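Since the structure comes first, as structure tokens, the remarks are kept for the end.
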Amino acid sequence: MTSWTSVPIALLLSCVLASNCLADSLYEAAEKGDVSSLSLLLQQRAATVNQTNENGLTPLHAAVANGHVEVAQLLLDSGAAVNGRDARGFTPLHSAAMKGDAMMVSLLLRHGADASNRAANGEPPLVQAMLSGKSSVIEALFRREAFIVSPTNDSFRFAFLGARQELDAAFVAGANLKALGFKWSLLHWASAGGHKEIIVDLVGRGLPVTISEPDGNTPLHVAVVFGQEEAVKTLLDLGAPVNATNMIGNVPLHSAALYGFTNIVRSLIKANASLDSRNRPGWTPLHLAARSGNLSVTKELVRAGADAAARNNAGMTALDLAVRSRNEDVIRYLEQAGRKYGASGSALKY
């Protein structure tokens, strides 16, 4: 049943002849995921489903950015431009890919989203998906031929998908072992996909396990972000540098702590990962685990000897961050473990 209370009748009446007013209301309803109000607004003759705001964003951009699949479906059914671009040239598919929203990516692709569309900076949605840590999203975009077909470009897809025979054929056809596909080497792509046999093969062909992409991420960084436990173990066995830092100073343990990958944390600790490594903002892995509410990782780090009294560049301890984020299980653990430090942390209300 339509909710008339969420969109006051007076507002609707005043908007009937004002397309800008309706467009603003459409955008707000899409942003909030308000299906009832959106349905009502779309019935108005002045409603413009593809009208943009000052940043070039359409209601579909808003729905996708906020993960409202039902709203996105309604907008697409009402004629929303699936390949509409914002002021930076980003389409809704770019946004869904960056968020790692597999359901939204699938919806947009079914409605004709072009996986080859480049933003103003030249990046297709695939590059945004590389930041998400979601293999299913990358796979969906790869299968839509996100870039020009060639032996070298094909090799990146095959490495990620674990297609060993196809990868071998690509090398026979002239694929460049040392080429980069959207900043990543073949070893990065295989690590993201979690294919240990291909990782071993690529290292055997001459790709160094220490190779880093322009942002400083090694294959081990990538394997950790994508939660690929076996790939992490394989890379460590092959001599991957466990304490390599990327552009923002993160070692692989930072990412494992952030995303709550307890088994990977254990593997990295076993490989002598630096427990108290600081990134540029001064955050240690324990800071990230506490702020993110990852209790099991917090326990692993503390038991291994991580410095619970360490402060980041803002002067905050792991307990401070746990309190600020209202992660009560982590707070209790740190306190019960005898890690009650810093008045600023214990004094905060939660």
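The values are calculated or read from the model by the stated rules, or taken from the named source; none is laboratory data. All values reported here derive from a predicted model rather than from experimental measurement. All Cβ positions, even for glycine, are placed from backbone atoms using ideal geometry, and neighbour counts span all protein chains on display.
If we scan segment 143-150, do we find a residue that is buried (at least 20 other Cβ atoms within 10 Å of the Cβ), in a helix (DSSP H, G or I) and at negative phi? Please lay out each step first, then the result.
From segment 143-150, those buried (at least 20 other Cβ atoms within 10 Å of the Cβ) are 146; that's our starting set.
Filter again for in a helix (DSSP H, G or I), leaving none.
Looking for residues that are buried (at least 20 other Cβ atoms within 10 Å of the Cβ), in a helix (DSSP H, G or I) and at negative phi, one finds none in segment 143-150, hence no.
Do you know which of the residues in segment 298-313 that are aliphatic (A, V, I, L, M) and out of contact with any Pro (no Cβ under 8 Å at 6 or more places or on another chain) is surrounded by the most Cβ atoms within 10 Å (Cβ to Cβ)? Filtering segment 298-313 for residues that are aliphatic (A, V, I, L, M) and out of contact with any Pro (no Cβ under 8 Å at 6 or more places or on another chain), the one surrounded by the most Cβ atoms within 10 Å (Cβ to Cβ) comes out as A308. When segment 172-181 is filtered for residues that are more than 16 Å from T218 (Cβ to Cβ) and surrounded by fewer than 18 Cβ atoms within 10 Å (Cβ to Cβ), the ones remaining, listed by number, are V172, A173, G174, N176, L177, A179. A search for C-beta distances below 6 Å between a residue of segment 62-74 that is in a loop (DSSP other than H, G, I, E, B) and any residue that is not hydrophobic (A, V, I, L, M, F, W, C), counting only pairs 6+ apart in sequence or on different chains, returns N66/E31; G67/D101; H68/G33.
Which residue is surrounded by the most Cβ atoms within 10 Å (Cβ to Cβ), if the candidates are limited to segment 253-264 and must be closer than 17 Å to T218 by Cα and without any contact (Cβ under 8 Å) to a residue 40 or more places away in the chain? So the residue we want is L253. In this entry, P208 is excluded by the filter for residues that are part of a loop (DSSP other than H, G, I, E, B), on the phi < 0 side of the Ramachandran plot and under 22 Å from the mean Cα position of the chain (by Cα). Residues of segment 278-302 being closer than 11 Å to A257 by Cβ, outside any helix (DSSP H, G or I) and out of contact with any Gly (no Cβ under 8 Å at 6 or more places or on another chain), which ones? Listed by number, the residues that qualify are W283, T284.
Among the conditions (1) assigned to a helix (DSSP H, G or I); (2) at pLDDT below 90, S106 misses just one, which is (2).
For G122, are the conditions met, namely being within 30 Å of A87 (Cα to Cα), outside any helix (DSSP H, G or I) and in contact (Cβ under 8 Å) with a residue 60 or more places away in the chain? If you could, list the steps in order and put the result at the bottom.
On the way: within 30 Å of A87 (Cα to Cα): yes; outside any helix (DSSP H, G or I): yes; in contact (Cβ under 8 Å) with a residue 60 or more places away in the chain: no.
When the stated conditions are applied, G122 does not pass them.
Screening segment 214-225 for residues that are at pLDDT 95 or above, outside any helix (DSSP H, G or I) and of a type outside the set (S, T, Y) and picking the one that is surrounded by the most Cβ atoms within 10 Å (Cβ to Cβ) gives N217.
How about segment 237-252: which of its residues are assigned to a helix (DSSP H, G or I) and either surrounded by fewer than 21 Cβ atoms within 10 Å (Cβ to Cβ) or on the phi > 0 side of the Ramachandran plot (or both)?
Residue satisfying the conditions is D237 alone.
Select from segment 54-89 the residues that are closer than 21 Å to N121 by Cα, among the polar types (S, T, N, Q) and surrounded by fewer than 21 Cβ atoms within 10 Å (Cβ to Cβ) and list them in ascending order. If the condition is that a residue be closer than 21 Å to N121 by Cα, among the polar types (S, T, N, Q) and surrounded by fewer than 21 Cβ atoms within 10 Å (Cβ to Cβ), then N55, N83 are the ones that fit. For L167, the criteria (1) of a type outside the set (S, T, Y); (2) crowded, with 20+ Cβ neighbours inside 10 Å; (3) within 23 Å of P125 (Cβ to Cβ) hold in every case but one, which is (3). So which of S78, S135, S106, S191 is in contact (Cβ under 8 Å) with a residue 60 or more places away in the chain, small (G, A, S) and out of contact with any strand residue (DSSP E or B) (no Cβ under 6 Å at 6 or more places or on another chain)? Of the residues listed, the single one that is in contact (Cβ under 8 Å) with a residue 60 or more places away in the chain, small (G, A, S) and out of contact with any strand residue (DSSP E or B) (no Cβ under 6 Å at 6 or more places or on another chain) is S135.
Quick one: A63 ticks every box in (1) at pLDDT below 95; (2) small (G, A, S); (3) out of contact with any Asp or Glu (no Cβ under 6 Å at 6 or more places or on another chain) bar one, so which box is it? For A63, the exception is condition (1).
Look through segment 26-59, keep the residues that are of a type outside the set (A, V, I, L, M, F, W, C) and assigned to a helix (DSSP H, G or I), and return whichever of them is farthest from D86 (Cα to Cα). Reasoning before the result, please.
The initial filter retains those residues of segment 26-59 that are of a type outside the set (A, V, I, L, M, F, W, C), namely 27-28, 31-34, 36-37, 39, 43-45, 48, 50-56, 58-59.
Add one more test, that the residue is assigned to a helix (DSSP H, G or I), and what stays is 27-28, 31-32, 36-37, 39, 59.
Values: Y27: 14, E28: 16, E31: 15, K32: 19, S36: 26, S37: 24, S39: 23, P59: 11 Å.
Across segment 26-59, the extreme among qualifying residues is S36.
Taking A273, is it assigned to a loop (DSSP other than H, G, I, E, B) and either closer than 15 Å to V302 by Cα or touching a strand residue (DSSP E or B) at 6+ places or on another chain (Cβ under 8 Å) (or both)?
Values: assigned to a loop (DSSP other than H, G, I, E, B): yes; either closer than 15 Å to V302 by Cα or touching a strand residue (DSSP E or B) at 6+ places or on another chain (Cβ under 8 Å) (or both): yes.
Judged against the criteria, A273 is a match.
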